[in-house]
1. In nanometres, what is the gap between the two model label sites at ARG155 and THR65, each 7 Å from Cα along Cα-to-Cβ?
2. What accessible area per residue, rounded to a whole number of Å², is obtained for the stretch 33-97 using a probe radius of 1.4 Å?
3. Just the Cα atoms of the stretch 1-143, one point each, no solvent: what log10 I(q)/I(0) does Debye give at q = 0.11, 0.13 Å⁻¹?
4. Near the amide H of LEU55, under 5 Å away, which other amide H atoms are found, from residues 5 or more places off or on another chain, if H is placed in the peptide plane?
5. When the accessible area of the stretch 92-189 is computed with all protein chains present and a 1.4 Å probe, what percentage of it is carbon and sulfur?
6. When only the heavy atoms of the protein chains count and the probe is 1.4 Å, how do LYS156, LYS91, LYS2 rank by accessible area, highest first?
7. Run the quick spin-label model on ASP22 and GLU175: label points 7 Å from Cα toward the beta carbon, then report their separation in nm to one decimal.
8. Put a dot 7 Å past each Cα toward the Cβ at VAL122 and THR48; how far apart are the dots in nm?
Amino acid sequence: MKRVGIIQPNYIPWRGYFDFIDDVDLFIFLADVQYTDRDWRNRNRIATPRGLVWLTVPVERGPRTRRICETRIAGSWQDDHLNRLRLSYGKTPHFRRYIESFEERIREPHLTIADLDIALCVWIMSELGIRTPTMIASEMDVGGSKDERLIALLRKVGADAYLSGPRGADYLDPERFRTNGIRLEYKSYDYEPYPRPHPIDGEA
């Protein structure tokens, strides 16, 4: 059985994203769907002494229909992110091991937010020992929309099963996957809290 997962690229994704990738035989970055403002594509949150703070990669303004792979990065933001990470996580056990490599990657000349997100994700996968092959949907010449497009991508790579996030149950049509010979599965995220230098609301 060949299980495939497909998710939009995000900026420094949470641990469940990488657990998801580790659970599939092939992972596809869905980078050619509509870019959404104020979302995880170009930002993430870190815990600081003053609470949760957003790290945001600035992007150029564009039409509402632009795709993630067409959304260009704008301005300088790397120093701000690095300084905030040093202030909030500089004394944590593994900070020194990773910060230089992280800095190297965010300072590379990435043109779009998809380029940056995918490069960081592939680097983190390597550090975690995740060897799942990856592909980028925008390079696969597959059309369609919603379920139709997902199924076309899955059929192109010979998938027998599609792993979706738990929210997929709210919008995916199981019958369409079944008639195409693809088993629909859902990922469950259930993790114990891990130590943080600065607790957030609801955590000890």
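1. So the label points at ARG155 and THR65 sit 2.5 nm apart.
2. On the way: 4570 Å² over 65 residues.
Here the residues of the stretch 33-97 average 70 Å² of exposed surface.
3. Listed by q, the Debye log ratios stand at -0.43, -0.60.
4. For LEU55, whose amide H was placed from the backbone, the distant partners under 5 Å are ASN44, ARG45, ILE46.
5. Numbers: 2750 of 5830 Å².
Within the stretch 92-189, the accessible surface is 47 percent carbon and sulfur.
6. Details: LYS156 120, LYS91 205, LYS2 70 Å².
Accessible-area ranking of LYS156, LYS91, LYS2, largest first: LYS91, LYS156, LYS2.
7. A separation of 3.8 nm, rounded to one decimal place.
8. Result for the modelled spin labels: 3.2 nm.
The values are calculated or read from the model by the stated rules, or taken from the named source; none is laboratory data. Only a predicted model underlies this, so the values are computations on that prediction, with no experimental measurement involved. Cβ atoms come from the backbone with ideal geometry, glycine included; neighbour counts cover every protein chain shown. Keep in mind that these areas ignore ligands, DNA and RNA; they rest on the heavy atoms of the full protein, side chains included. Shrake-Rupley method; radii C 1.70, N 1.55, O 1.52, S 1.80 Å.
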